[in-house]
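Peer 1: Okay, here's the structure, questions in a sec.
The values are calculated or read from the model by the stated rules, or taken from the named source; none is laboratory data. Here the structure is a predicted model, which means the values were calculated and not measured. Don't worry about glycine lacking a Cβ; one is built from the backbone with ideal geometry, like all the others, and counts go over all protein chains shown. The area values use the complete protein model at the heavy-atom level, side chains included, leaving out ligands, DNA and RNA. Shrake-Rupley method; radii C 1.70, N 1.55, O 1.52, S 1.80 Å.
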Amino acid sequence: MKIAVLVSGSGTNLQTLIDQLHEDETSGIEIAVVISDRHKAYALTRAKSAGIPTQIVRTQDFESRVAYDEAISKHIENHSVELIVLAGFMKLFQPPFVRRYRNRIINVHPSLLPAFPGATPVVDTLAYGVKVAGVTVHFVDEDIDTGPIIAQTVVPVFDTDDEESLHKRIQVEEHKLYPKMIKCYAQGKLKVEGRKVSIIT
Ligand code: GAR
């Protein structure tokens, strides 16, 4: 199965997908293209090192967000991609794009959704004073971080944590959970009924 990975930043999640899926022939998963909205995303260097085609699609180069989404769609279609994987991609899609790829866009978010959606989840988690944090893998719908939840892992929050230490602890779990859930998708093991996703074993 061909996937596209969309990135904005450092790409540690992309790296685990390269290592655990793309470079493991038994996974049956190929990263056909990596798309970034930023020239300087280090994730692009990681993709190039693995010989994966890259595309840069920047919002400022388009008249509207719908036109921006269409440009991304073209790359998705050109590469015959079946699943769109967001890995630290910090742009939102417009409803037509989400409708077109319903339950074919997957995201990883560093909080236990529905708590702490949005752009600063780890900071918000610490500021609220909760005692557990975590990672959520979910399908993308029309709103921000509200789509059907596929899987979650809980991590503890310590009194001594700052944003960096907590985010690191969460990312260790992201790097295990995300490839695992993408594999489940590829193997047809995710059953979606409305908001409820179950994993067929
Ligand atoms: C990850 O922790 C991911 O969960 C988060 O951005 C980070 C990207 O790291 N995504 C979001 O906050 C999406 N709302 P990476 O570039 O090293 O994979």
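Peer 1: Calculated FRET efficiency, A127 and T26, Cβ-Cβ r, R0 45 Å, to nearest 0.05?
Peer 2: 0.55
Peer 1: What's the angle, to the nearest 10 degrees (0 to 90), between helix 163-186's Cα axis and the longest principal axis of the chain?
Peer 2: Compared with the principal axis, the helix lies near 50 degrees.
Peer 1: In square nanometres and to one decimal, what's the mean projected area of the convex hull around the Cα atoms of the range 1-148?
Peer 2: 9.1 nm²
Peer 1: Still on this structure: Mean projection of the alpha-carbon convex hull of the range 83-145 over all orientations, in nm²?
Peer 2: The orientation-averaged projected area of the Cα hull of the range 83-145 comes to 4.0 nm².
Peer 1: Here is a further query. Taking a quarter of the surface of the convex hull around the Cα atoms of the range 110-191, what do you get in nm²?
Peer 2: 5.4 nm²
Peer 1: In sequence order, what are the phi-derived ³J(HN,Hα) couplings for the range 31-36 according to the Karplus relation 6.51 cos²θ - 1.76 cosθ + 1.60 with θ = phi - 60°, rounded to whole Hz, with x for glycine and proline?
Peer 2: After applying 6.51 cos²θ - 1.76 cosθ + 1.60, I find 7, 7, 7, 10, 10, 10 Hz.
Peer 1: What percent antiparallel are the DSSP beta bridges of the range 1-145, to the nearest 5?
Peer 2: 20 percent
Peer 1: What residues qualify as long-range amide H neighbours of I150, i.e. H under 5 Å apart, gap of 5 or more or another chain, H built at 1.01 Å from N?
Peer 2: The list, which skips near neighbours in sequence, is V137, H138, F139.
Peer 1: When the accessible area of the chain is computed with all protein chains present and a 1.4 Å probe, what percentage of it is carbon and sulfur?
Peer 2: Using a 1.4 Å probe with all protein chains present, the chain comes out at 51 percent carbon and sulfur.
Peer 1: In this model, which of K40/K168; K48/K180; K131/K189; K40/K191; K40/K196; K74/K168 are farther than 28 Å apart at the alpha-carbon?
Peer 2: K131/K189; K40/K191; K40/K196; K74/K168
Peer 1: Which whole-number value in Å² is the accessible area per residue of the chain, probe 1.4 Å?
Peer 2: Result: 50 Å² per residue.
Peer 1: Applying 1/(1 + (r/R0)^6) with R0 = 35 Å to the Cβ-Cβ distance of F158 and V192, what FRET efficiency is obtained, to the nearest 0.05?
Peer 2: 0.50
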